[in-house]
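Report on the structure given below.
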Amino acid sequence: MKKNKLTHNPEKMDHEEITRINNKSIAENSDKFTKDGRIIAAIDIGTTKIVAIIGAVSEEGKVKVLGMGKSNSQGVSRGVVLNIEKASASIQEAVRMAENESGIQFDNVYVGIAGQHIKSMKNRHSKYIQSKDNEIKQSDVDDLLEDMHNIALDAGEEIIHVIPQNYTVDNESGVKQPIGMFGKCLEANFHIVVGEIGSAKHIYKSVERADLKVDKMILEPLASSSAVLSNDEKEIGVVMVDIGGGTTDLAIYYDGILRHTAVIPFGGNVITMDIKDACGILHRQAELLKVQFGTALGEASPEDIVSIKGISGREPKKISIKFLSKVIQARMEEIIDHVVFEIENSGFVDKIGAGITITGGGALLKHLRQLMSYKTSLDVNVGYPSRALSAENQEVNLPIYSTSIGLLLSGYQLEKENEFKEVKNETEEVDDKLIDSEEEMEMEDEYGENNFFNQLKEKVGNFFEDKSSKM
């Protein structure tokens, strides 16, 4: 059912009008801005939870969360939507809570995408500059990006992100911003993120059935990185590891540029399943044990015994905390081994000056920092989205919301970049027209001068012909 432009919400607003936000352009929607910044809405579709969030993002990159809704994730496994109807129902529930809390209805959202189908690749492309003075313009950079979106892929795949690494202008390499430079050839290295078309379509369909439109899908490790990593960390070299319920997402930055991304198909849920199978208990009991008593280091756990209520009148089960922790440690070491493999495979293993930042719900596991630091020989810290949050939103300053906050920041950045490109391209078009007009005027002036001398020459010639005929 389509939403009305202005509606009433008796639960929250007491008949106050609810503003409808449509994230398209400034010209179309002046309602997109408040005194706190630009209004952005996003949905984080996770394996264990679905979060709908709406916030105002300021020019300084600070997020003021206006409303947030969280529902249990249904129909999603390891970051992939498997049941569209169930996923859509969970999205609607989360959206309803976010709208009630904020008093704002939103139609357009940025959506996170992850899953084991995600992969990345490197590519290089070049373009000859066609302008008369060989000045590189925004349109030249856009042409390179567009060409990258059209490269050949395996059947059933599509491009999610094309991220420039660096540019080369003629023989000048390592250029970060080529616009305005002069050269005959522009080359660039690109980091390309690819996913399965079917998985992306399932997300689109789930969101659309919740009566929403997807503005853009954003790779979740990119979103999380924008929320928990500083520019200094990205410059010196850092690995961001987001341990979610179904997957562990990884992003590596160096010199301020994204260098490598990966999605590892293991997360907190597989640890819960290990506990369930090892202890012979229910899934909900295993999750409760993991959260309350679990630790990533078996040696650091106490010798205590926990009693779990038996099912159907059976005797309670006695479970050793040390045994529980050894089960957790075994799986966490496997996940860390995957992380180490991706770091080594990235080619930047020697450039991780800032170490590893872990975030997501799994980052709160006790002694995980110590285990990961021991296994990787790198500094490890827990990343919170505090650097991106305004002072009044500290209640959501938790690693489990890093992706949600990051989606707002990423959506804001995309809109700013698109507006900049539009203005830049319009300016270049005007400049080109002015240059063409000046050249036309010069040609007209030159033609006028030549025409005058030709007419004078003809008249003089005719005069002398007349004189010679009379003689």
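Throughout, read-outs are computed from the coordinates displayed, never taken from laboratory work. Everything numeric here is computed off the predicted structure, so don't read it as measured data. Backbone-built Cβ (ideal geometry, glycine too); neighbour counts: all protein chains shown.
What list do you get for Y204, Y412, Y128 if you sort them by fewest beta carbons within 10 Å?
Fewest-to-most ranking of Y204, Y412, Y128: Y128, Y204, Y412.
Ordered by packing density, taken as the mean number of other Cβ atoms within 10 Å over each peptide's residues, highest first, how do 114-127, 76-89 rank? The partial results should precede the final answer.
Details: 114-127: 17.3, 76-89: 19.5.
So the order, starting with the most tightly packed, is 76-89, 114-127.
Based on the Cβ-Cβ distance of E315 and D107, what FRET efficiency does E = 1/(1 + (r/R0)^6) give at R0 = 41 Å, to the nearest 0.05? Kindly include the intermediate steps, with their values, before the conclusion.
Working: r = 55 Å, r/R0 = 1.33.
Computed FRET efficiency for E315 and D107 comes out at 0.15.
Hey, with R₀ at 25 Å, roughly what FRET efficiency would N166 and N231 work out to, going by the Cβ-Cβ distance, to 0.05?
Efficiency for this residue pair is about 0.90.
For region 119-197, what is the charge dipole size about the Cα centre, in debye to the nearest 20, if Lys and Arg each add +1 at the Cβ and Asp and Glu each add -1 at the Cβ?
Dipole of region 119-197, to the nearest 20 debye: 260 debye.
At 7 Å along the Cα-to-beta-carbon direction for both S131 and I159, put a label point, then send me their distance in nm to one decimal.
2.3
What nm value, rounded to one decimal, do you get for the distance between E334 and L282 when each label is placed 7 Å out toward the C-beta?
2.6
How would you order 341-347, 66-72, 298-304, 94-100 from highest to lowest mean count of nearby Cβ atoms within 10 Å?
Top of the packing list down: 94-100, 66-72, 341-347, 298-304.
Under 1.5 on a/c is rounded, so check that first for region 234-397, then, if it is not, pick prolate when a/b is larger than b/c and oblate when it is not; a ≥ b ≥ c are the square roots of the alpha carbon gyration tensor eigenvalues.
Verdict is prolate for region 234-397.
Determine which residues of region 87-102 fall in the zone a paramagnetic label at E208 would reach in this model, i.e. backbone nitrogen under 20 Å from the point 7 Å along Cα→Cβ.
Counting backbone N atoms under 20 Å from the label point, the list is 87-93, 95.
Select from region 318-358 those trypsin sites (Lys or Arg not before Pro) which occupy a DSSP coil region and have at most 15 other Cβ atoms within 10 Å, ordered by residue number.
When the trypsin sites (Lys or Arg not before Pro) of region 318-358 are filtered for loop state and at most 15 Cβ neighbours within 10 Å, nothing remains.
Could you list R284, R259 in order of exposure, starting from the residue whose Cβ has the fewest other Cβ atoms within 10 Å?
Values: R284 10, R259 21.
With the sparsest Cβ surroundings first, the list reads R284, R259.
With respect to the cross-link table entries K216/K366; K32/K127; K86/K309; K49/K276; K119/K201, which display a Cα-Cα separation exceeding 28 Å?
Violating the 28 Å Cα-Cα cut-off are K216/K366; K32/K127; K86/K309.
Which order do peptides 163-170, 213-220, 106-113 fall in by mean Cβ count within 10 Å, highest first?
Result, highest mean Cβ count within 10 Å first: 106-113, 213-220, 163-170.
Could you work out how much longer the chain between N72 and I257 gets when fully extended? Use 0.36 nm per residue separation minus the Cα distance between them, nm to one decimal.
Computed gain between N72 and I257 is 63.1 nm.
Can you work out the FRET efficiency for the pair K351 and Q177, with r the C-beta to C-beta distance and R0 = 30 Å, to the nearest 0.05? It would help to have the intermediate numbers written out before the result.
Working: r = 22 Å, r/R0 = 0.72.
My answer for the efficiency is 0.90.
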